[in-house]
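One structure is given below, encoded as structure tokens.
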Amino acid sequence: MERYESASPTLLDETEALLRRGDVDGALRVLERLPRSRLDVLGTEPEVAANRQRLRLRGALQYRLPEAPGLSAAAREEVRVTLALGTLFGIGVPSLVERVWPVLAHESYSFLPLERFAERLRRPEVGPLDAWLRHIADGLVSGERERVRAELLVHHAYFAILHSAELAEIERRLLARPPQLGGVRVQALRPSGCPICVWPDVTYTADNLPELPMLPAHPGCRCVYRPVPLSG
Ligand SMILES: [Zn+2]
């Protein structure tokens, strides 16, 4: 399967079987047999990378897609395992959509924020859309609507997992004694800004950490946390 070329098919199958049985530790042990280069996707020290893997997996398994009411238990399980595999093996959103689409295609879930997001994208004040947002905006009013909804659903859940792992790491560094990080800001990823988010000009530190917004803030949100180094 060409879309999983980055992961060994055998390890993928083995990890998937373990995740479906709920054996998280077993899945992580399988992953330890991956070549080092696969685990070091973020270019960090092995220990930090391994911790990130664990955080991501925990996030993947805990995330229950609460914002998508109407999904059947079977579909939720499929999405949950797929997201866990995606975050562990670094499989991107388009491939994850391919994987969950056969299940989601038979579901009629409701995800109100998706509709609001689609409506927002068509407003003139949003300005020019980049390629991905254009694909979303056009797709939501085309015959591909359900598929694009599924893509946004998976995109949202996937980034919720990645950001929750990142947030845990940011908190750890801000709360360390002495702190290892000056602060963190929230920033829209695309140069013209997120079509929905407007962030205050605030640096979050240990003092106002509880106010640090959760990302993604809405379906299709591509805002990021930007660490601010310690200044002397
Ligand atoms: Zn945003």
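The values are calculated or read from the model by the stated rules, or taken from the named source; none is laboratory data. A quick note: this is a predicted structure, and the numbers were derived from the prediction, not measured. Please note: Cβ atoms are built from the backbone with ideal geometry, for glycine as well, and neighbour counts cover all protein chains shown.
What is the residue count in the range 178-202 for residues that are farther than 18 Å from Leu133 by Cβ, more than 9 Å from the ligand (Cβ to nearest atom) and surrounded by 13 or more Cβ atoms within 10 Å (Cβ to Cβ)? Residues meeting the conditions: 8.
Do the conditions hold for Leu167, that is, is it within 16 Å of the ligand (Cβ to nearest atom) and in contact with a helix residue (DSSP H, G or I) (Cβ under 9 Å, 6 or more places away or on another chain)? Judged against the criteria, Leu167 is not a match.
Looking across the range 178-192, the residues that are part of a loop (DSSP other than H, G, I, E, B) and touching a residue at least 24 places away in the same chain (Cβ under 8 Å) come down to Pro179, Gln180, Leu181, Gly182, Ala188, Leu189, Arg190, Ser192. Only one of the numbered conditions (1) modelled with pLDDT of 65 or more; (2) small (Gly, Ala, Ser); (3) surrounded by fewer than 18 Cβ atoms within 10 Å (Cβ to Cβ) is not met by Ala50, and that is (1). Close contacts from the range 204-232, counting a first residue that is in contact (Cβ under 8 Å) with a residue 24 or more places away in the chain and surrounded by fewer than 18 Cβ atoms within 10 Å (Cβ to Cβ) and a second that is assigned to a loop (DSSP other than H, G, I, E, B) and among the β-branched types (Val, Ile, Thr), with Cβ to Cβ under 9 Å and a gap of 6+ residues or different chains, come to Val228/Thr203; Val228/Thr205. Restricting attention to the range 1-21 and to residues that are at pLDDT 70 or above and over 21 Å from the mean Cα position of the chain (by Cα), the residue that is farthest from Leu88 (Cα to Cα) turns out to be Arg21. In the set (1) in a loop (DSSP other than H, G, I, E, B); (2) among the aliphatic types (A, V, I, L, M); (3) at pLDDT below 85, the condition left unmet by Ala206 is number (3).
Of all the residues that make up the range 203-217, how many are within 13 Å of the ligand (Cβ to nearest atom) and more than 22 Å from the chain's Cα centre (by Cα)?
Residues flagged as within 13 Å of the ligand (Cβ to nearest atom) and more than 22 Å from the chain's Cα centre (by Cα) within the range 203-217 amount to 0.
Determine whether Glu115 is surrounded by fewer than 16 Cβ atoms within 10 Å (Cβ to Cβ) and closer than 25 Å to Met214 by Cα. In short, yes.
Of the numbered criteria (1) within 16 Å of the ligand (Cβ to nearest atom); (2) more than 21 Å from His135 (Cα to Cα), the one Gly220 fails is (2).
Filtering Arg173, Arg149, Arg134 for residues that are surrounded by fewer than 13 Cβ atoms within 10 Å (Cβ to Cβ), in a helix (DSSP H, G or I) and away from the ligand (no atom under 15 Å from the Cβ) leaves a single hit, Arg134.
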